[in-house]
Every structure is written in structure tokens, then in C-alpha cells.
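S.K.: Before I ask anything, here is the structure I am working with.
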């Protein structure tokens, strides 16, 4: 505490507390916690284009369903587009009822997706 | 610690942080040449953003889809609904638009009619990839983007970022530089290093407090 004692000896204990509080304030202010659970969603998007043989719909479904379980344990929601993407993978894997429920989840979580989701849902009727 | 001591400490803290805030504001203001004009952005108040695959003007063919796969996280964390990028890409292709360049030509009116986004984000990769210069390797991602409101076709935000990472940027002597250059050269032939730099470029482009995007409805933090 040489720095502070040279400035003001009497205040050194305050200064230390202040410095500590400031540090906590600053470090906590810098890290913005993410709103959503991310998991493999974006990695799978990358793989779908760079290694399509590996990132098949079945492979993606398995990873994404696992992410849903992990997100639940962390109490975080899935991001926008996640259920739309998963539904699309189910659709390509020929699993219509699972696809439908994903599209409905996306729409109830994010009403902004209604136009796109309804396009799929209407086609599936 | 007595209550009065705590009070004094708190006052001191407030005073100190005021100076700190003032200092950092000055520092930020000093960097920015001109404050970004968010008037149109505020008027349009977009909730949802449709991102088209970026046009790739670099020589690395992986650019478009590598970059596209890093775009959802920053935009959604900024508070927007972002359409599932793969679904949109496939829909565009099924509708006779096989490349990013052609997708960027699609009529905004039609996009609004079919998908109803509040805004469309058009991105162009100016650079994407790694260059090897002697012992060093440099990975650069340069991207420019504009956000267009589907209400009236107006550009409500635009931005540009250049992010460069050097293999020797961690310091160290010549021996280490040699090793890093060899290692990253080997790694680069197999992996797409610019992919990782893309995420950093996005963060700078969208989260910059001076000229990034305003927060959307799903981000509870207040806008400047």
C-alpha cells in the first residue's frame, strides 16, 4: 500500500476498501452475462457448410437436444432461431411431428418469427 | 467498520467513480471523430433482423458461411430476434437465388411480404483470411454492413470493422516467433483461423458504444 500511504496515511484503510469496491464494480460492469444458452448451435451452423457429411440432420438433432437439457440445468433460454433451426433439421430428417412442435416453440418464445414459422406449419398440414 | 466510516467510504467511492466516469467519457469522446446519428434507427425501432449470407470479396471461399455462423450470437445478445440463418439461406436457394450476391439483390418488399423482418442486415466481407509474411502470419477480417429498415428501405445503421490478429502478437523472442509461425501455418492449412477472428470483428462492429447497434427489445440494458 505504498502508493496510498504516500498520498494520505489516514485514509489508507478507506482507500483500500474503495479500491476493492471499485475493482469489483468495474470488473462486474465489464462482463455482460449472456441472455441465452449457446452450446453447439453456431458450431453446427459452421459444420453444416464446412463439413456437411458430418453435420447431418440426425447429428445436429442429437447435439441440439442435448443443448436443451444443458440449458435447463443452467436455467437459460435457447436463443432466437434455435428452435426454428432444430425444427428444420427434424423436417429434413422426416420427423414432422417433432418439427411442428419446434416451430410452435419458436413462435411462442419469439412472436417475431410468426411469418416464417407459419409458412412451415401451413405447408405441413 | 462503523456506519459513519462506511458512509465516508461510500461518498469517497462515489466521488472517485464520478471522476472515473468523466475520465472514460473523455477518453471515448476523444477517439470518436463524430457521434453516430441514431435518429433513423430510433425511429424505425426494429425488433427483428434478417441476416443474408455476406457477400465475399476475399479470396477465401469459406468466408461467406464461416462468417454467417458467427453472426447470430452478437445480434441476439444485443437484443434482437434473428431469423435462423441456415433456414433463410436454404429458402433463398430454393427460390432461385444460389449465391450471396444474388440474395442481396432480392427485393426488400418481397422479403417483407414473405418473412416480415423489421430490418435486413447486408454484410460484405472485404478481407477474410491469413497471410504469411516471413516468420509471421496475419489473419484479417474486414467487414462492412448496413441495416436497412423494411418499412421504407432506408439505411438505419451502417458500420465497418477491420480486425487483425498476428501470430507473434503475444511477444517472445525470435525462437518463439519461428515456432508460432510454423505452428500456425500448419494449423491454418487445416483450420479456418479467420473464423475465430470473425467473432471478434462482430463484437467490435455491433457492441462498440460509439457507433455499434442500439440495444434491441430483448436486451434490458438502457440505450445511450
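Residue by residue, here is whether (1) more than 23 Å from residue A:81 (Cα to Cα); (2) in contact with a strand residue (DSSP E or B) (Cβ under 9 Å, 6 or more places away or on another chain) holds:
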site	(1), (2)
B:51	no, yes
B:75	no, yes
B:85	no, yes
B:110	no, no
B:127	yes, yes
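S.K.: Now, a different point. Please specify each residue of the range B:41-68 satisfying the condition of being farther than 17 Å from residue B:124 by Cβ and either surrounded by 19 or more Cβ atoms within 10 Å (Cβ to Cβ) or more than 10 Å from every other protein chain (Cβ to nearest Cβ) (or both).
M.R.: If we filter the range B:41-68 for residues that are farther than 17 Å from residue B:124 by Cβ, which is where we start, we get B:41-48.
Of everything in the range B:41-68, those that are farther than 17 Å from residue B:124 by Cβ and either surrounded by 19 or more Cβ atoms within 10 Å (Cβ to Cβ) or more than 10 Å from every other protein chain (Cβ to nearest Cβ) (or both) turn out to be B:41, B:42, B:43, B:44, B:45, B:46, B:48.
S.K.: If a residue must be outside any loop (DSSP other than H, G, I, E, B), in contact (Cβ under 8 Å) with a residue 40 or more places away in the chain and touching a helix residue (DSSP H, G or I) at 6+ places or on another chain (Cβ under 9 Å), how many such residues does the range B:68-85 contain? Explain how you work it out, then say what you get.
M.R.: Residues of the range B:68-85 outside any loop (DSSP other than H, G, I, E, B): B:68, B:72-77, B:81-82, B:85.
Then keep just the ones that are in contact (Cβ under 8 Å) with a residue 40 or more places away in the chain; that gives B:73-77, B:81.
Of the ones still in play, those that are also touching a helix residue (DSSP H, G or I) at 6+ places or on another chain (Cβ under 9 Å) are B:73-75, B:77, B:81.
Total satisfying the criteria: 5.
S.K.: Report yes if residue B:124 is closer than 30 Å to residue B:47 by Cβ and either outside any loop (DSSP other than H, G, I, E, B) or modelled with pLDDT under 95 (or both), otherwise no. Show your work before the answer.
M.R.: Working: closer than 30 Å to residue B:47 by Cβ: yes; either outside any loop (DSSP other than H, G, I, E, B) or modelled with pLDDT under 95 (or both): yes.
Yes; evaluated as a whole, the condition is true for this residue.
S.K.: Check A:59, A:90, A:14 and return the single one that is modelled with pLDDT under 95, farther than 25 Å from residue B:203 by Cα and surrounded by 12 or more Cβ atoms within 10 Å (Cβ to Cβ).
M.R.: On the way: A:59 fails: modelled with pLDDT under 95; A:90 fails: modelled with pLDDT under 95.
None of the other options fit; the residue is A:14.
S.K.: On to the next question. Regarding the range B:10-21, can at least one residue be identified that is surrounded by fewer than 20 Cβ atoms within 10 Å (Cβ to Cβ) and modelled with pLDDT of 95 or more?
M.R.: Restricting attention to the range B:10-21, the residues satisfying the condition of being surrounded by fewer than 20 Cβ atoms within 10 Å (Cβ to Cβ) are B:10-21.
Checking the rest, the ones that are also modelled with pLDDT of 95 or more come to none.
No: zero hits.
S.K.: Tally the residues that are exposed (fewer than 15 other Cβ atoms within 10 Å of the Cβ) and more than 10 Å from chain B (Cβ to nearest Cβ), restricting the search to the range A:105-117.
M.R.: Qualifying residue count for the region: 1.
S.K.: Something else about it: Run residue B:78 past the list (1) over 21 Å from residue B:203 (Cα atoms); (2) more than 8 Å from every other protein chain (Cβ to nearest Cβ) and report the number of the one that doesn't hold.
M.R.: (1)
S.K.: Taking the condition more than 19 Å from residue A:88 (Cα to Cα) and surrounded by fewer than 17 Cβ atoms within 10 Å (Cβ to Cβ), does residue B:95 pass? Talk me through it step by step, then tell me what you get.
M.R.: Details: more than 19 Å from residue A:88 (Cα to Cα): no; surrounded by fewer than 17 Cβ atoms within 10 Å (Cβ to Cβ): yes.
Spelling it out, it is not the case that residue B:95 is more than 19 Å from residue A:88 (Cα to Cα) and surrounded by fewer than 17 Cβ atoms within 10 Å (Cβ to Cβ).
S.K.: Sticking with this structure for a sec: Taking the range B:85-118 as the region of interest, how many residues are within 14 Å of chain A (Cβ to nearest Cβ) and at positive phi?
M.R.: The qualifying residues number 1.
S.K.: Against the definition (within 12 Å of chain B (Cβ to nearest Cβ), over 27 Å from residue B:47 (Cβ atoms), in contact with a helix residue (DSSP H, G or I) (Cβ under 7 Å, 6 or more places away or on another chain) and surrounded by 13 or more Cβ atoms within 10 Å (Cβ to Cβ)), how does residue A:83 come out, yes or no?
M.R.: Details: within 12 Å of chain B (Cβ to nearest Cβ): yes; over 27 Å from residue B:47 (Cβ atoms): no; in contact with a helix residue (DSSP H, G or I) (Cβ under 7 Å, 6 or more places away or on another chain): yes; surrounded by 13 or more Cβ atoms within 10 Å (Cβ to Cβ): yes.
In short, no.
S.K.: Among the residues of the range B:119-129, are any surrounded by fewer than 22 Cβ atoms within 10 Å (Cβ to Cβ), in contact with a helix residue (DSSP H, G or I) (Cβ under 8 Å, 6 or more places away or on another chain) and away from chain A (no Cβ under 14 Å)?
M.R.: yes
The values are calculated or read from the model by the stated rules, or taken from the named source; none is laboratory data. Since the structure is predicted, the reported quantities are computational estimates derived from the model, not experimental observations. Please note: Cβ atoms are built from the backbone with ideal geometry, for glycine as well, and neighbour counts cover all protein chains shown.
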